[in-house]
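Just below is one structure, and these are the notes that go with it.
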Amino acid sequence: MREMEKHFKKRDSFQNKIGFILACVGSAVGMGNIWLFPYRVGEFGGAAFLFPYLFFVVLLGLTGVSGEMAFGRAMRSGPLGAFKKALEKRGKKYGAFLGFIPVLGSLGIAIGYAVVVGWILKYTVQSFSGILQVTENYGELFGTITTRYSSLTWHFTAILISLLIMVAGIQGGIEKINRVLMPLFFGLFCLLAIRVFFLENSISGYEFLWKTDFEKIFQIKTWIFALGQAFFSLSLAGSGTVVYGSYLKEEVDVINSSIHVAFYDTFAAILAALVIIPAVFSFGMEVSAGPGLMFLVMPSVFQQMPFGRIFSSLFFLAVFFAGITSLVNLFESSIEALEEKFSFSRRKAVSIVMIFSFLIGIFVEDVNYLGKLMDIVSIYLIPLGAFLSAILFYWVCGDEFVRREIQKGRLKSFPKCLLPMGKYVFCGISFVVFILGIFYHGIG
């Protein structure tokens, strides 16, 4: 017990609630909000997709996000230690083994994500330099950075930036950088949304975005992909939110914090849609262009836009901010696991994870291998990690434990509906996401 208390006193933490919320928002706001959400909206008929998406965001935010935050805080550990301690309450000794699943899931996504952040960094630099604005063939440009060994410098730089942030710790690195980058991200996208509003024929994009295709809103596939978008956008994986929760002080209300995270994550997605969809319509391009929407279509849009170089620079800079804040969250689970399991110093744990991630990442710089890695991790490991975390918190730890841990820091009484919703609805949804992801080969 004394060793645990000593470990707790030495453990880094977020300075306050605002810093914690911004860090969680930074982890949630990423590529899924910026390119996948507008793509899904375009694919599933505008507001027909928005309604089920918002429904699932509220449901998952209240049960899943708050549950993972409370789970990490209660155990004072990321998934490796949290799973172990939860099962030890029942006399089981395989918790640490199960805890490796979400840790490996986060690390796998981080390895691939670092490559993508490297691509974004190159586009950002080339936007500011003007090279992107005079490029004649964006397909050819994108092809030159998506083969093996073709983006080593940018990939390495993304890893190095993450290392510098993370070696400074939770309060001095992760919290500090999110306090700066997240307000900048929202500010830049608000400026872009205002500029796009004044583009000729942008009204067609707004009409498409808000017009409800009632045929699609009654299609089961619309609801399935809205669920997947909400689930992955909120970073429910049994890892990132759990580990951030482990650095959270007890006086913070996790339900209130989860509402803030869900709100700002959704705000970011809608902002991205308000920038991308009207801009694409204004220049008569394809709204359902998939990942190419960001790397192929948007550069073409900015090329034709007055003062396009400025707005291209702002766009990719904001996207880079979102990418780097998500990346540090993805890395944190494996870094914390090394600190927890082997008592490594922060500097040593960060260095090991970053070197390993870069070396493995070199082999998935080819977009074909990258896609396979991301599919395997997002279809199997991520939903399974979220499901295991939900079961351990809401079922294994017990009802009184859940009530006590979620109630910490709350002035209002514990919502009576939250416990059954967490036990039956969220746990059930996590399992359904796992099964549907396999059936559809990915839904988020």
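The values are calculated or read from the model by the stated rules, or taken from the named source; none is laboratory data. All values reported here derive from a predicted model rather than from experimental measurement. Ideal geometry is used to build each Cβ from the backbone, glycine not excepted, and the neighbour counts take in all protein chains shown. The accessibility values were calculated without ligands, DNA or RNA, using every heavy atom of the protein model including side chains. Shrake-Rupley method; radii C 1.70, N 1.55, O 1.52, S 1.80 Å.
Each row is one residue, and each column tells you yes or no for (1) under 30 Å from Val297 (Cα atoms); (2) over 19 Å from the mean Cα position of the chain (by Cα); (3) crowded, with 24+ Cβ neighbours inside 10 Å; (4) modelled with pLDDT under 95.
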residue: Glu68; (1), (2), (3), (4): no, no, yes, no
residue: Gly72; (1), (2), (3), (4): no, no, yes, no
residue: Glu88; (1), (2), (3), (4): no, yes, no, yes
residue: Gly99; (1), (2), (3), (4): no, yes, yes, yes
residue: Ala114; (1), (2), (3), (4): yes, no, yes, no
residue: Leu121; (1), (2), (3), (4): yes, no, no, no
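Residues in the range 401-419 that are free of Cβ contacts under 8 Å to residues at least 40 places away in the same chain and surrounded by 13 or more Cβ atoms within 10 Å (Cβ to Cβ): Arg403, Arg404, Gln407, Phe414, Leu419. Within the range 220-273, being within 13 Å of Ala28 (Cα to Cα) and aromatic (Phe, Trp, Tyr) holds for Phe231, Phe232, Tyr244, Phe263, Tyr264, Phe267. Cβ separations smaller than 6 Å between residues 6+ apart or across chains give the following pairs from the range 126-138 residues that are under 17 Å from Trp154 (Cβ atoms) to residues that are assigned to a helix (DSSP H, G or I) and open to solvent by 30 Å² or more (accessible area, probe 1.4 Å): Tyr138/Leu296. Of the residues screened, Leu236 is one that is touching a residue at least 24 places away in the same chain (Cβ under 8 Å), touching an Asp or Glu at 6+ places or on another chain (Cβ under 9 Å), open to solvent by less than 70 Å² (accessible area, probe 1.4 Å) and in a loop (DSSP other than H, G, I, E, B).
Residue-by-condition table, conditions (1) β-branched (Val, Ile, Thr); (2) touching a residue at least 60 places away in the same chain (Cβ under 8 Å); (3) open to solvent by 30 Å² or more (accessible area, probe 1.4 Å):
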position: Phe218; (1), (2), (3): no, no, yes
position: Leu227; (1), (2), (3): no, yes, no
position: Ser258; (1), (2), (3): no, yes, no
position: Ala273; (1), (2), (3): no, yes, no
position: Ile276; (1), (2), (3): yes, yes, no
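When residues in the range 132-146 are screened for being open to solvent by 60 Å² or more (accessible area, probe 1.4 Å) and more than 16 Å from Val297 (Cα to Cα), 1 of them pass.
Exactly one residue among Leu392, Leu384, Leu388 is in contact (Cβ under 8 Å) with a residue 40 or more places away in the chain and either touching a Gly at 6+ places or on another chain (Cβ under 7 Å) or surrounded by fewer than 18 Cβ atoms within 10 Å (Cβ to Cβ) (or both), and that residue is Leu388.
Within the range 412-421, one or more residues are under 21 Å from Val252 (Cβ atoms), part of a loop (DSSP other than H, G, I, E, B) and hydroxyl-bearing (Ser, Thr, Tyr). Just wondering, is there one or more residues in the range 239-248 that are part of a loop (DSSP other than H, G, I, E, B), buried (at least 24 other Cβ atoms within 10 Å of the Cβ) and among the polar types (S, T, N, Q)? Yes, the range 239-248 has at least one match. Do you know which residues across the range 306-319 are of a type outside the set (Gly, Ala, Ser) and surrounded by 24 or more Cβ atoms within 10 Å (Cβ to Cβ)? Answer for the range 306-319, where residues must be of a type outside the set (Gly, Ala, Ser) and surrounded by 24 or more Cβ atoms within 10 Å (Cβ to Cβ): Phe315, Phe316, Val319.
Would you say Ser151 is surrounded by 15 or more Cβ atoms within 10 Å (Cβ to Cβ), within 21 Å of Met374 (Cα to Cα), of a type in the set (Ser, Thr, Tyr) and touching a Lys or Arg at 6+ places or on another chain (Cβ under 9 Å)? Can you show your working first?
Details: surrounded by 15 or more Cβ atoms within 10 Å (Cβ to Cβ): yes; within 21 Å of Met374 (Cα to Cα): yes; of a type in the set (Ser, Thr, Tyr): yes; touching a Lys or Arg at 6+ places or on another chain (Cβ under 9 Å): yes.
For Ser151, the condition - surrounded by 15 or more Cβ atoms within 10 Å (Cβ to Cβ), within 21 Å of Met374 (Cα to Cα), of a type in the set (Ser, Thr, Tyr) and touching a Lys or Arg at 6+ places or on another chain (Cβ under 9 Å) - is met.
Here Phe344, Phe316 are screened, and the one residue that is at pLDDT 90 or above and not in a helix (DSSP H, G or I) is Phe344.
When the residues of the range 321-344 are filtered to those that are within 17 Å of the chain's Cα centre (by Cα) and open to solvent by 20 Å² or more (accessible area, probe 1.4 Å), which remaining residue is nearest to Asn137 (Cα to Cα)? Talk me through it step by step, then tell me what you get.
Here is the first cut: in the range 321-344, the ones within 17 Å of the chain's Cα centre (by Cα) are 321-334.
Now narrow it down to the ones that are open to solvent by 20 Å² or more (accessible area, probe 1.4 Å): 321, 330.
Working: Phe321: 26, Leu330: 33 Å.
Ranking the qualifying residues of the range 321-344, first place goes to Phe321.
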